[in-house]
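Enquirer: Quick one: this structure, given as structure tokens, is what I'll be asking you about.
What follows is calculated from the coordinates using simple rules that are stated; it is not laboratory data. These numbers were taken from a predicted model, which means no experiment stands behind them. Cβ atoms come from the backbone with ideal geometry, glycine included; neighbour counts cover every protein chain shown.
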Ligand SMILES: [Zn+2]
């Protein structure tokens with residue numbers, strides 16, 4: 001595949017992201033993809049315009065307790081807080097994608113890499129939810145991950161380098177959804193290591209020869 | 001098309017001049033009278049925006065809390081509003097959406113969430129005058145097309161965007177198959193000329 005055509009999240013996901021309905025782990029994956037994909041960013045802008053139009057033409061519920069004076073008085077308090085925290089300078093260099101960088105607190109050393117096999121390492125990310133395990137996976141150049149399947153959903157976003165499996169080659173920014181019953185074997189590109197963001201909703205089931213051993217390592221540890 | 005065609009009349013600006021955008025700009029300059037007008041316009045909308053949401057984490061006083069939190073955020077951040085990039089309603093929609101999802105998550109989650117919803121968004125770089133103008137035009141088109149959407153399509157969009165329901169919750173509630181919900185959304189987006197890249201991939205992902 002030589003085309004620049006990338007893999008993007010399905011339409012429903014972008015719509016739910018724009019509507020603020022998508023769960024935190026899925027939102028992290030979509031956000032990471034957006035960093036790389038201007039087409040999805042463009043669509044998202046329009047989806048937000050759609051949400052705004054729906055909000056604006058709502059009937060509105062005029063009767064409520066909140067008075068303008070109340071809001072004004074709270075603002076005076078809140079203003080103090082804002083001054084205290086003052087804007088963090090957001091000009092940091094992007095390492096992976098802004099959302100991932102924030103999760104690792106802009107510090108590569110905060111990642112605790114664990115070896116899963118001779119060619120695959122994994123570092124968990126704290127996301128404050130336990131529906132999905134969110135982590136970074138690193139495959140060394142030319143490294144082969146074991147063939148495995150998932151009992152739940154797995155979202156993957158390539159953050160650096162590229163990898164391939166039976167179906168395709170995946171490059172930076174590509175967004176991949178695996179459903180149960182789609183065993184796959186990621187292979188890192190020859191020209192350098194590949195780092196992916198991954199969100200998994202249930203334990204991985206290994207189908208390869210080292211299945212027994214790997215299953216133990218790949219158990220999901222929601223954080 | 002070319003940006004430097006000397007004799008051509010100047011392309012119209014993407015700057016929004018509707019009343020709400022002018023008000024929000026004034027709020028950015030700490031204008032309290034303008035803020036009061038915005039409050040009158042948006043607080044009923046924000047209230048119904050959260051009342052419609054019956055999600056986990058929702059509680060009886062949520063809508064008043066949301067009105068307050070959104071209005072406070074608007075005051076604090078209005079200085080960053082740029083009418084060339086967005087209309088006031090779109091800008092306020094994103095603030096309200098982020099506040100609502102954060103409030104619901106805080107209430108339904110016992111764990112500390114390291115990110116606020118606005119952390120998922122990043123400043124876009126599609127800010128050249130021509131792309132901004134294009135965005136403004138697509139917004140105008142979208143508005144016109146939305147007024148002509150069939151009820152069954154618009155109803156679903158309202159469930160998702162205003163009531164905060166996922167596609168599958170919407171399908172259960174309306175007693176319509178999930179596939180139908182999804183295809184109605186796609187049809188509606190198509191009519192509004194919102195082209196989501198996934199739909200341009202011809203099923204590439206799943207072979
Ligand atoms: Zn995309």
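Enquirer: When N is the residue count of region B:26-88, what does its C-alpha Rg come to as a fraction of 2.2 N^0.38 Å?
Expert: Region B:26-88 yields a ratio of 1.24.
Enquirer: Let me see the P(r) profile for chain B: every Cα-Cα distance counted, bins of 5 Å, each bin given as a percent of all pairs.
Expert: With a bin width of 5 Å, the distribution comes to 1, 6, 11, 14, 17, 18, 15, 9, 5, 2, 1, 0, 0.
Enquirer: While we're looking at this one, here's another question. Return the ratio Rg/(2.2 N^0.38 Å) for region B:42-122, where Rg is computed over Cα atoms only.
Expert: Compared with the compact-globule rule of thumb, region B:42-122 sits at 1.11.
Enquirer: Considering just Cα atoms, how many Å³ per residue does the convex hull of region B:72-118 enclose?
Expert: 75
Enquirer: How large is the convex hull of the Cα atoms of region A:108-217 per residue, expressed in Å³ as a whole number?
Expert: So the per-residue Cα hull volume is 101 Å³.
Enquirer: Need the C-alpha centroid separation for region A:93-164 versus region B:89-116, integer Å.
Expert: 25
Enquirer: Given a Förster distance of 56 Å, report the FRET efficiency between residue B:77 and residue A:164 from their Cβ-Cβ distance, rounded to the nearest 0.05.
Expert: 0.80
Enquirer: Using 0.36 nm times the number of residues separating residue A:179 and residue A:123, minus their current alpha carbon distance, what extension gain do you get?
Expert: Extra length from residue A:179 to residue A:123 when fully extended: 18.0 nm.
Enquirer: Would you mind computing Rg(Cα) / (2.2 N^0.38 Å) for region B:125-185, counting N as its residues?
Expert: The reported ratio for this selection is 1.43.
Enquirer: Hey, another quick one. Quick one, can you get me the convex hull of the C-alpha atoms of region B:85-173 expressed as volume per residue in Å³?
Expert: 117
Enquirer: Let me ask something else about it. Rounded to two decimals, what is Rg over Rh for region A:94-164 when you use alpha-carbon atoms and the Kirkwood radius?
Expert: 0.95
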